[in-house]
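**Student:** Shown below is the structure under consideration.
The values are calculated or read from the model by the stated rules, or taken from the named source; none is laboratory data. Treat the numbers as computed from the prediction; the structure is a model and nothing was measured. Cβ atoms come from the backbone with ideal geometry, glycine included; neighbour counts cover every protein chain shown. With ligands, DNA and RNA removed, areas are computed over all heavy atoms of the protein, side chains included. Shrake-Rupley method; radii C 1.70, N 1.55, O 1.52, S 1.80 Å.
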Amino acid sequence: METKKLINEIERKYADRFREIDEIGEVNQEKVLDAFIECRISAGHFAPTTGYGYDDMGRDKLSQLFASVMRTEAAIASPHFASGTHTIACALFGLLRPGDEAVSLSGMPYDTLKNVIFGKGNGSLADFGIKFDTIPTVCGAFDKDEIARRLSSEKFALIYIQRSPGYERRKAYSVSDIKQIIKFVREYSDAPIAVDNCYGEFVETAEPTEVGADLVMGSLIKNPGGAIAPTGGYIAGKERLIKAAEARLTAPGVGAEIGSYEHTYRMFFQGLFLAPHIVAQARKGGLLFAAALEELGYTVFPPAADKTGDIVRVADFGDKNKMLAFCRAVQAASPVDACARPDPWAMPGYDDEVIMASGSFVQGSSIELSADAPVRPPYSLYIQGGMTYEHAKIALCRCLDSLNG
Ligand SMILES: *Cc1c(COP(=O)(O)O)cnc(C)c1O
């Protein structure tokens, strides 16, 4: 079938789903707008600072905004978080002490966090005598029996949930899933519950902190940066927990009292403001990719028809060369570095060779259209992002051509 026609049919077939995505975007846009109004954001807050950054209003206001949007007592949103991994590491090192034990209810944490948590001789949590248990999921669902057994027999200092699956094959947890498991956990433990919120922000009309999570953490080069924030991360949650994390971002005693940025903060504010819309664009692009690839006979996860809890779609190509060709076509249909050809490479923090297509304005930004894959059977390509639905459409046409070529 001609690709244009295929796209038209998909848009008709999934019209309700497309509309629902826009409606969620609208609710979240109002939530973010009202946070800006409530926090009395003005142009002066975008101003740069230098040195220690004492009285840096932009830093304080940006954090206040994230607290407002996430409905938490406090937050820290900062360009000084170098990545999502660094953000989550700051939270873990801030909250945990030698001898403590933490437990993940969602199985093994994201690949790059394995070094942070279990690394040997690299300054990991394990090096500091902090134990971190993982309770594997059962067919992607929380293992309630095992969770009950562990929580009733041991005292944990932190309970950890990862919303998006990373490279594991399960659906992202919905906020409702997270609400239910937190209610369940609270029958056994009052330990702080921290959620890795990467790729989940603004996909639903509530965030995990609105349903009982004590802390959320994420990256600003994903959803909440709105494809505009040039770097950074955020942690939002109970004030006591945020104070503990702040001490790791900078130093104990100074926490969020310091930290300057000699460039305008405008992109962080503007990015957050745009984020609900950008996330909706990315989700519509993801739905289009999923439906088109399904139509061509590939297995896509989650399937096009399913509700999704994050912005990632996984397509199984079952064939290394097809996957590589498709991934390279994503790169070739990108606004930046379209002429570069991605090749599989050993990446720091990952076990298998990884191929990544990211022709993004912000390096490595995966709220911009991007695709990546650990190179191993069934040659699954993780596709996410897209600042505009129009771009996703054009890129899809070209990617489908690559499968015939
Ligand atoms: C991206 C991601 C991370 C890590 O973020 P980086 O910015 O890549 O370091 C952690 N957890 C999940 C679920 C992610 O998707």
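**Student:** Would you tell me the accessible area of M347, worked out with a 1.4 angstrom probe on the heavy atoms of the protein chains, in Å² to the nearest 10?
**Tutor:** It works out to around 60 Å².
**Student:** Per DSSP H run of at least 4 residues, take -39500 (n - 2.57); add these up for the chain, divide by its residues and hand me the 222 nm value, nearest 500 deg cm²/dmol. Mind showing how you got there, number by number?
**Tutor:** Numbers: 11 runs with 160 residues, N = 405.
Dividing the helical sum by the residues of the chain leaves -13000 deg cm²/dmol.
**Student:** At 37 °C and a viscosity of 0.692 mPa s, what translational diffusion coefficient does Stokes-Einstein give for region 49-263, taking Rh as the Kirkwood radius over Cα pairs? Give it in µm²/s as a whole number. Don't skip to the end; give the middle numbers.
**Tutor:** Numbers: Rh = 17.4 Å.
Roughly 189 µm²/s, to the nearest whole number.
**Student:** Taking N as the number of residues in region 145-286, what is its alpha-carbon radius of gyration divided by 2.2 N^0.38 Å? Write out the running numbers ahead of the final one.
**Tutor:** Numbers: Rg = 16.8 Å, N = 142, 2.2 N^0.38 = 14.5 Å.
Taking the Cα Rg and dividing by 2.2 N^0.38 Å, one obtains 1.16.
**Student:** Among the GluC sites (Glu not before Pro) within region 235-280, which fall in a DSSP loop and have no more than 10 other Cβ atoms within 10 Å of their own Cβ? Walk me through the numbers before you get to the answer.
**Tutor:** Details: sites: E239, E246, E257, E262; in loops: E262.
Sites meeting the loop and neighbour criteria: E262.
**Student:** Using the 2.2 N^0.38 Å rule of thumb for compact globular proteins, work out how the chain stacks up: its C-alpha Rg over that value, please. Could you put the intermediate results ahead of the total?
**Tutor:** On the way: Rg = 20.7 Å, N = 405, 2.2 N^0.38 = 21.5 Å.
For the chain, the normalised Cα radius of gyration is 0.96.
**Student:** Moving to a separate point now. Could you give the nm distance between label points at A43 and D127, where each point is 7 Å from its Cα heading toward the beta carbon?
**Tutor:** 4.7
**Student:** Suppose the chain between T299 and E9 were pulled fully straight at 0.36 nm per residue; how much longer would it get relative to their current alpha carbon spacing?
**Tutor:** Details: separation 290, 0.36 × 290 = 104.40 nm, distance 1.89 nm.
Taking T299 through E9 to full extension adds about 102.5 nm, to one decimal.
**Student:** Once R0 is set to 41 Å, what does the formula 1/(1 + (r/R0)^6) return for the Cβ-Cβ distance between K307 and R376, expressed as a FRET efficiency to the nearest 0.05? Walk me through the intermediate numbers first.
**Tutor:** Working: r = 28 Å, r/R0 = 0.69.
Efficiency for this residue pair is about 0.90.
**Student:** Can I ask one more? I need the shape label for region 1-79. Rule: rounded when a/c is under 1.5, else prolate if a/b > b/c, else oblate, with a, b, c from the alpha carbon gyration tensor.
**Tutor:** On the way: a/c = 3.90, a/b = 2.56, b/c = 1.52.
Taking the square roots of the gyration eigenvalues as a ≥ b ≥ c, region 1-79 is prolate.
**Student:** Let me ask another. If I compute solvent accessible area with a 1.4 Å probe over the protein chains, what percent of it on the chain is carbon and sulfur?
**Tutor:** Details: 8840 of 17030 Å².
Carbon and sulfur atoms account for 52 percent of the accessible area of the chain.
**Student:** Among G255, I21, P344, whose Cα lies farthest out toward the positive end of the dipole of the chain, if unit charges sit on the beta carbon of Lys, Arg (+1) and Asp, Glu (-1)?
**Tutor:** Farthest along the dipole direction, towards plus: P344.
**Student:** Can I ask one more? What residues have an amide H closer than 5 Å to that of T49, excluding those fewer than 5 places away on the same chain, when H is modeled at 1.01 Å from N in the peptide plane?
**Tutor:** Y261, E262, H263
**Student:** Then there's this: Around K222, under 12 Å between beta carbons, what's the net of Lys plus Arg minus Asp minus Glu among the other residues?
**Tutor:** Values: positive: R163; negative: D196, E201, D310, E368.
Local charge sum for K222: -3.
**Student:** Would region 174-248 count as rounded, prolate or oblate if I go by the C-alpha gyration tensor, calling it rounded below 1.5 in a/c and otherwise prolate when a/b exceeds b/c, oblate otherwise? All intermediate terms of the calculation are to be shown ahead of the outcome.
**Tutor:** On the way: a/c = 3.16, a/b = 1.36, b/c = 2.32.
Oblate.
**Student:** Something else: Tell me, what is the percent relative contact order of region 259-356, built from C-alpha pairs under 8 Å that lie six or more residues apart?
**Tutor:** Details: 72 pairs, mean separation 13.9, N = 98.
Reported as a whole number, the value is 14 percent.
**Student:** Also, I was wondering about something else. Is the shape of region 254-404 rounded, prolate or oblate, going by the alpha carbon gyration tensor and its root eigenvalues a ≥ b ≥ c, with a/c under 1.5 for rounded and a/b larger than b/c for prolate? Kindly include the intermediate steps, with their values, before the conclusion.
**Tutor:** Numbers: a/c = 1.87, a/b = 1.52, b/c = 1.23.
Note, shape of region 254-404 comes out prolate.
**Student:** Separate question: Relative contact order (percent) for region 49-263, with alpha-carbon contacts under 8 angstrom and 6 or more residues of separation? All intermediate terms of the calculation are to be shown ahead of the outcome.
**Tutor:** Details: 435 pairs, mean separation 67.5, N = 215.
Value for region 49-263: 31 percent.
**Student:** Before I look further, what does the chain give for accessible area per residue, probe 1.4 Å, in whole square angstrom? Could the numbers behind the result be given before it?
**Tutor:** Values: 17030 Å² over 405 residues.
Per-residue accessible area for the chain comes out at 42 Å².
**Student:** How many nm separate the modelled label positions at D34 and K322, each set 7 Å beyond the Cα in the direction of the Cβ?
**Tutor:** In this crude label model, D34 to K322 measures out at 4.7 nm.
**Student:** Between M347 and K183, take the C-beta separation as r, use R0 = 41 Å, and let me know the FRET efficiency to the nearest 0.05.
**Tutor:** The computed FRET efficiency comes out at 0.60.
**Student:** Suppose a student asked you for the relative contact order of the chain, using Cα pairs under 8 Å spaced at least 6 residues apart; what percent would you report? Before the final figure, lay out each step's value.
**Tutor:** Details: 873 pairs, mean separation 74.9, N = 405.
Relative contact order here is 18 percent.
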